[in-house]
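Chemist: The structure under discussion is supplied below as structure tokens; questions concerning it will follow.
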Amino acid sequence: MKIVLDILFFTILASWIPDSFGQDAAVALKSSLLSNYDKSLRPVKSESTPVNVDFDISLRQIIDLAEKEQTFRLNVWLRLYWDDEYLTWNASEHGGVEYLTIHSSEVWRPDIFLYNNIAETYGAVPSITDVTVTSAGRVTHLQPAIFTSACPVDIEKFPFDKQECELEFGSWIYTGAKVNLSLVKPYADRGVFTKNEEWILKAVPMERQVSLYPCCPEPYVTIIVTLQLERRSFFYMFNMVLPCITLMILNVFGFYIPPDSGERLGFFITILLALVVFLQILSDSLPKTSTTTPQLGQFFVATIALVGFSCLASIVVIRLSYSSPPSRPLPRWLRLLLLRYLARLFCMNTIAEEKHVVHPAREGVDNPAFLIDDDEAFEQKNSSIIDLNLSIGEISRHIREFVDKAHVKKEEEEDQDEWKMAALVLDRVLMFAVGLGSIIVCVILLL
Ligand SMILES: *[C@@H]1O[C@H](CO)[C@@H](O)[C@H](O)[C@H]1NC(C)=O
Ligand SMILES: *[C@@H]1O[C@H](CO)[C@@H](O)[C@H](O)[C@H]1NC(C)=O
């Protein structure tokens, strides 16, 4: 019975030994490795050897690209690999321990900074994670980080703009001869990238650059990561451009409202106000720069100008159609231009076919002889009856006055009608002009 228990005990012990021995070995190895380790010195045995740091980056998420503040915030996974000459061991001498994990604050790390950082962290990469060290001394440091960088946003083509935001990484104190950064791949890894609602990430090329700074004679190596972004413009098309185009169409058809209905000017002014409100909303979300005007802003301003023109033109048309007495006849050139050529051009045949150029009524008035002729004949025939003659003369004078007045009135009405028709033709011409202007504005600024 005792033998059986002993065997059981030893089998259990035997099954435990390798693990506990493994951990012991790792603990011993770690303490022996770190006992004389100075993490502030470069881990090379010869001073002239550079530490070759392989740099790679994996994009996780674009948190924000603020046009107004010109800042860019994103979440990345940094991947750094280098050789540490002091963290090497013979695996078979240390219980087969092939690799160790050590907290990154306990070993030397390249002091990689984001140069164009604008956050309070100064662009430093904090030591959060552990590093993995192989027995050959290869250190792998994988670390998540959130960076805020400056990104000059060019809003000229907004909302159809493409932006390029750069992240500039480099060692802060070590020159290229001490810490030599190099790229693992020419493009950043996008395998774990989360789709952004506002931006399409086109490509992320990376570039190694050697640059000199005024401070120091030695060259420094930097890695430039360029994020090529394209804005998803659907939001702006749907929420701003579409309403604006609707207002544009309304503006064109505003000329269809009869000028004497009294609502036309109010209609145009309402459109104008709506557009100003839209422009206000737009300018709230953009930087207050005066060097460039975004395309959408230009579109709004052009539309406002068109509506403003409609208001002005409307005032003129209303004034024309209410040409109050004493009215003057339509000037000859205006009559020719509007009632003949333009009316014909815009297919207003009923107006164009009327005889506007000659005034039949006016000819009669200009030659008052037709009344007097009748009068004299009457007088010659009945010269003997003086009383009758006198009273008839008076009646005829009254009739003449009345006829004169009627003629003048008729003439005025005809003049008025002509002004009204001119206004009608002008309205049609303006409607076409504003429509054409709207199409041109849309084509130039939206395509
Ligand atoms: C590791 O140690 C074993 C045994 O001591 C030895 O045979 C081997 O050559 C060593 N390997 C290296 C790379 O030094
Ligand atoms: C630094 O790395 C680059 C490419 O990775 C290499 O061409 C260059 O020779 C290295 N410089 C030094 C001093 O080792």
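The numbers here are math on the coordinates, done by the rules we state, and not lab data. Just so it is clear, the model here is predicted, and its values are computed rather than measured. As a convention, Cβ positions derive from the backbone with ideal geometry for all residues, glycine included, and neighbour counts pool all protein chains shown.
Chemist: Among residues other than Val317 whose Cβ falls under 12 Å from its Cβ, what is the net charge (Lys/Arg +1, Asp/Glu -1)?
Modeler: Surrounding charge for Val317 is +2.
Chemist: Using modelled backbone amide H atoms (1.01 Å from N, in-plane), which distant-in-sequence or interchain residues come within less than 5 Å of Asn180's amide H?
Modeler: Val51, Asn52, Val53
Chemist: What net charge do the residues around Asn117 carry, taking every other residue with its C-beta under 13 Å from that of Asn117, with Lys and Arg at +1 and Asp and Glu at -1?
Modeler: In short, -2.
Chemist: Next up: Quick one: what are the phi-derived ³J(HN,Hα) couplings along region 328-340, Karplus 6.51/-1.76/1.60 with θ = phi - 60°, whole Hz, x for glycine and proline?
Modeler: Result, ordered by residue: 9, x, 4, x, 4, 5, 5, 4, 5, 5, 7, 7, 9 Hz.
Chemist: Oh, and also: What order do you get for Cys215, Cys311 when you list them from fewest to most C-beta neighbours inside 10 Å?
Modeler: Lowest count first: Cys215, Cys311.
Chemist: Under the Kirkwood approximation for Rh and a Cα-based Rg, what ratio Rg/Rh is obtained for region 140-193?
Modeler: For region 140-193, the value is 1.05.
Chemist: What is the diffusion coefficient of region 164-256 in µm²/s, taking the Kirkwood radius over Cα pairs and the Stokes-Einstein relation at 10 °C with a viscosity of 1.306 mPa s?
Modeler: The estimated diffusion coefficient comes to 92 µm²/s.
Chemist: Hey, another quick one. Using amide H atoms built 1.01 Å from N in the peptide plane, name the residues 5+ places from Ile118, or on other chains, whose amide H lies under 5 Å from its own.
Modeler: Thr148, Ser149, Ala150
Chemist: Show the residues, 5+ positions off or on another chain, whose built amide H is closer than 5 Å to the amide H of Val131.
Modeler: Result for Val131 returns Ile102, His103, Ser104.
Chemist: Calculate the FRET efficiency for Ser290 and Glu93 from the Cβ-Cβ distance with a Förster distance of 60 Å, rounded to the nearest 0.05.
Modeler: 0.25
Chemist: Over 24 Å between Cα atoms, which of Lys162/Lys288; Lys202/Lys288; Lys30/Lys185; Lys68/Lys202; Lys39/Lys178 qualify?
Modeler: Check vs 24 Å cut-off fails for Lys202/Lys288; Lys30/Lys185.
Chemist: With N set to the residue count of region 189-319, report its C-alpha Rg divided by 2.2 N^0.38 Å to two decimal places.
Modeler: 1.73
Chemist: Return the FRET efficiency for the residue pair Ser211, Gln298: r is the Cβ-Cβ distance, R0 is 56 Å, and the value is rounded to the nearest 0.05.
Modeler: It comes to 0.90.
Chemist: In addition: Hydropathy at least -0.5 by Kyte-Doolittle, axial extent at least 30 angstrom from the Cα trace: which helices of the chain, defined as entire DSSP H runs, fit?
Modeler: 2-35, 264-284, 295-321, 386-446
Chemist: Here's something else I'd like to know. For region 48-100, what does the relative contact order come out to in percent, with C-alpha contacts under 8 Å and a separation of six or more?
Modeler: 34
Chemist: If you don't mind, there's one more thing I want to ask. If you filter region 131-187 for GluC sites (Glu not before Pro), then keep DSSP loop positions with at most 16 other Cβ within 10 Å, what is left?
Modeler: For GluC sites (Glu not before Pro) across region 131-187 that sit outside H, G, I, E and B with at most 16 neighbouring Cβ atoms in 10 Å, the list reads Glu156.
Chemist: Let me ask something additional. Loop only per DSSP, at most 14 neighbouring Cβ atoms within 10 Å: give me the chymotrypsin sites (Phe, Trp or Tyr not before Pro) in region 161-242, ordered by residue number.
Modeler: Trp172
Chemist: Moving to a separate point now. For the chain, what is the relative contact order in percent, using Cα pairs closer than 8 Å and at least 6 residues apart in sequence?
Modeler: 13
Chemist: A further question on this structure: Return the loop-located chymotrypsin sites (Phe, Trp or Tyr not before Pro) in region 70-142 (DSSP other than H, G, I, E, B) with at most 14 other Cβ atoms within 10 Å of their own Cβ; answer none if there are none.
Modeler: Answer in residue order: Tyr122.
Chemist: Right, something else. Principal axis lengths of the chain from Cα atoms, whole Å, largest first?
Modeler: Here the spans come out as 174, 69, 32 Å, largest first.
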